[in-house]
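> Mind having a look at this structure? Questions to follow.
The values are calculated or read from the model by the stated rules, or taken from the named source; none is laboratory data. From a predicted model like this one, the values you see are computed outputs, not experimental measurements. We place every Cβ from the backbone using ideal geometry, glycine too, and count neighbours over all the protein chains shown.
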Amino acid sequence: MTQAQTDIALEPWWMPFTANAAYKSDPRMLAKASGVYYETPEGRRILDGVSGLWCVNAGHCRPEIVEAISRQAAEMDYAPSFQMGHPIAFEFAERLRSFAPDHIENVFFSNSGSEAVDTALKIARAYHRANGEPDRTVLVGRERGYHGAGFGGTAVGGLDPHKVAFTPLVPDVAHLPTTHGLEVNRFSRGQPQHGAELADGLETVISEHGESRIAAVIVEPVSGAAGVLVPPVGYLERLAAICKEHGILLIFDEVITGFGRLGARFAAERFGLRPDMMTIAKGLTNGSVPMAATLLRGGIYDTVVAAGDGIELPHGYTYSGHPLACAAGLATLSIHESERLWERAAALAPAFEDKLHSLASAPHVIDVRNLGLMGAIELDPIDGRLGERAQAIFRRCFEAGVLIRITGDTIALAPALVFEEDQLDVLFGVVGEALESQ
Ligand SMILES: Cc1ncc(COP(=O)(O)O)c(C=O)c1O
């Protein structure tokens, strides 16, 4: 570390999702960012292979976004959204509605993916109550799903290590089986062929709880946090059909897949589906100001508002529709629209896929999978030391000037949609060398 860094006290900040003791004994810092690069405090350039944390889809520190935020900060820093409004929030909601799939009609703003998810789950129950079905309270997630760190999102999530310290969680929750089937789908390019029938797990949940009890199903169209789990061909379509048949709301958690990541504006478009709700965050402001939204198909807002007496949905956040976030979001949308970033991602995806799969024969690689600009390399864990192999690769890549993401023994890659092919070469060159060094 540099002299300047050793002067910083590391203890006070309890860092999120971090092995604090290990990190603080060997900290890695980022100090600046521009385009697809970070810079460390010592001035080392780091190629960002994961768009920050799946969020900086248009590249870092875009001048249009920087300028919009600073202009708004000087004009009106904050305004309340409870029984008061400010034009930029309405303007952004309308722009977002036009950017979103056609069937989306309303937008509820929050500040993080976790909040967008908890909002969606609450709206699902409120909607059924308003619609005369108050017993529809069961929320269905999926094994290995990740829906943020709120109590609702943790409960419907399917990552057991995230739950053990916090039980009991929210009642009336059930889970579908994971779609991750290494035995049959190993090294799939794009969507795996096997596993559409796993959607029928919803029929099992329905028969266990009763058809009239299921409020909603929430899934990530492609799971990110669990290590890029791509849905088998036909799976999401089958899930959507079962939901429709039984009056169950389908929520797509598009916190990662939204804003071009899969080569379409949203996963809903990529798969040609019309989920009742979509949760979005991350790419919404290009990671620049915390913001999230829950997008609703027509009919949900109207039903809840019509049934309400006074404040129809006692829910929201001090910073819902924050002016700085709206300014950042408007500038971000303009970049996506003028540069058609989702088409850029679609054009880059085949090269990304080829280069990713070229690492399939590297030592200890047990799977490679991808969709759009999401990719993963899964490694055989060292006996009894889960995650250690990927940790070593992560460090080696960082030393060589590349930022990747690891979860357990899976390496995840998600370059910005503005990556160039030669930057992909650097990314995969460094990851490949790190893999060979094991
Ligand atoms: C699918 C999904 N949902 C929700 C979240 C939570 O978002 P946040 O960390 O902004 O609360 C994440 C974060 O990675 C995510 O990937």
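> Restricting attention to region 267-283, which residues are more than 10 Å from the ligand (Cβ to nearest atom), on the phi < 0 side of the Ramachandran plot and out of contact with any Lys or Arg (no Cβ under 6 Å at 6 or more places or on another chain)?
Matches in region 267-283: Ala267, Ala268, Glu269, Arg270, Phe271, Leu273, Arg274, Pro275, Met277, Met278, Gly283.
> Can I ask one more? Pairs please, first residue from region 410-423 and among the hydroxyl-bearing types (Ser, Thr, Tyr), second anywhere and surrounded by fewer than 21 Cβ atoms within 10 Å (Cβ to Cβ) and not in a strand (DSSP E or B), Cβ atoms under 9 Å, 6+ apart in sequence or on different chains.
Between residues of region 410-423 that are among the hydroxyl-bearing types (Ser, Thr, Tyr) and residues that are surrounded by fewer than 21 Cβ atoms within 10 Å (Cβ to Cβ) and not in a strand (DSSP E or B), there is no close pair.
> Can you find even one residue in region 3-16 that is farther than 23 Å from Glu420 by Cα and among the small types (Gly, Ala, Ser)?
yes
> Would you mind stating whether Ala346 is aliphatic (A, V, I, L, M) and under 20 Å from the mean Cα position of the chain (by Cα)?
Yes; evaluated as a whole, the condition is true for this residue.
> In addition: Of these, Arg136, Arg129, Arg144, Arg125, which one is more than 25 Å from Gln72 (Cβ to Cβ), part of a loop (DSSP other than H, G, I, E, B) and more than 16 Å from the ligand (Cβ to nearest atom)? Working first, answer last.
Numbers: Arg129 fails: part of a loop (DSSP other than H, G, I, E, B); Arg144 fails: more than 16 Å from the ligand (Cβ to nearest atom); Arg125 fails: part of a loop (DSSP other than H, G, I, E, B).
The match here is Arg136.
> Considering only region 133-172, how many residues are among the hydrophobic types (A, V, I, L, M, F, W, C) and farther than 17 Å from Leu239 by Cβ?
9
> Here is a list: Gly258, Gly201, Gly195. Which entry is within 16 Å of the ligand (Cβ to nearest atom) and crowded, with 20+ Cβ neighbours inside 10 Å?
Gly258
> For region 78-102, which positions are out of contact with any helix residue (DSSP H, G or I) (no Cβ under 7 Å at 6 or more places or on another chain) and under 14 Å from Tyr319 (Cβ atoms)?
Within region 78-102, Pro80, Phe82, Met84 qualify.
> Another question, then. Going by the conditions given, is Gly247 surrounded by fewer than 24 Cβ atoms within 10 Å (Cβ to Cβ), in the same structural domain as His147 (by TED's automatic domain parsing), away from the ligand (no atom under 14 Å from the Cβ) and of a type outside the set (A, V, I, L, M)?
Numbers: surrounded by fewer than 24 Cβ atoms within 10 Å (Cβ to Cβ): yes; in the same structural domain as His147 (by TED's automatic domain parsing): yes; away from the ligand (no atom under 14 Å from the Cβ): yes; of a type outside the set (A, V, I, L, M): yes.
Yes.
> Sticking with this one: Out of the residues in region 155-176 that are within 18 Å of Gly227 (Cβ to Cβ) and of a type outside the set (D, E, K, R), state the one that is nearest to the ligand (Cβ to nearest atom).
In this case the residue turns out to be Gly157.
> Mind listing whichever residues of region 379-390 are closer than 15 Å to Pro363 by Cα and either within 24 Å of the chain's Cα centre (by Cα) or among the small types (Gly, Ala, Ser) (or both)?
Those that are closer than 15 Å to Pro363 by Cα and either within 24 Å of the chain's Cα centre (by Cα) or among the small types (Gly, Ala, Ser) (or both): Leu379, Ala390.
> Search region 171-190 for residues being surrounded by fewer than 20 Cβ atoms within 10 Å (Cβ to Cβ), at pLDDT 95 or above and within 22 Å of the chain's Cα centre (by Cα), and hand back the single one that is farthest from Ser358 (Cα to Cα).
Looking at residues that are surrounded by fewer than 20 Cβ atoms within 10 Å (Cβ to Cβ), at pLDDT 95 or above and within 22 Å of the chain's Cα centre (by Cα), I get Val173.
> Here's another thing I want to ask about it. Kindly indicate which of Arg125, Arg186, Arg144 is at positive phi, in contact (Cβ under 8 Å) with a residue 12 or more places away in the chain and of a type outside the set (S, T, N, Q).
Only one candidate passes the filter, namely Arg144.
> Separate question: In the set Ala331, Ala351, which member is part of a helix (DSSP H, G or I) and outside the structural domain of Glu133 (by TED's automatic domain parsing)? It would help to see each step written out before you state the result.
Working: Ala331 fails: outside the structural domain of Glu133 (by TED's automatic domain parsing).
None of the others qualify; the one that does is Ala351.
Table: residues versus (1) within 16 Å of the ligand (Cβ to nearest atom); (2) touching a Ser or Thr at 6+ places or on another chain (Cβ under 9 Å).
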position: Leu30; (1), (2): no, yes
position: Ala33; (1), (2): no, no
position: Ser51; (1), (2): yes, no
position: Glu64; (1), (2): no, yes
position: Met76; (1), (2): no, no
position: Phe92; (1), (2): no, no
position: Ala100; (1), (2): no, no
position: Ile104; (1), (2): no, no
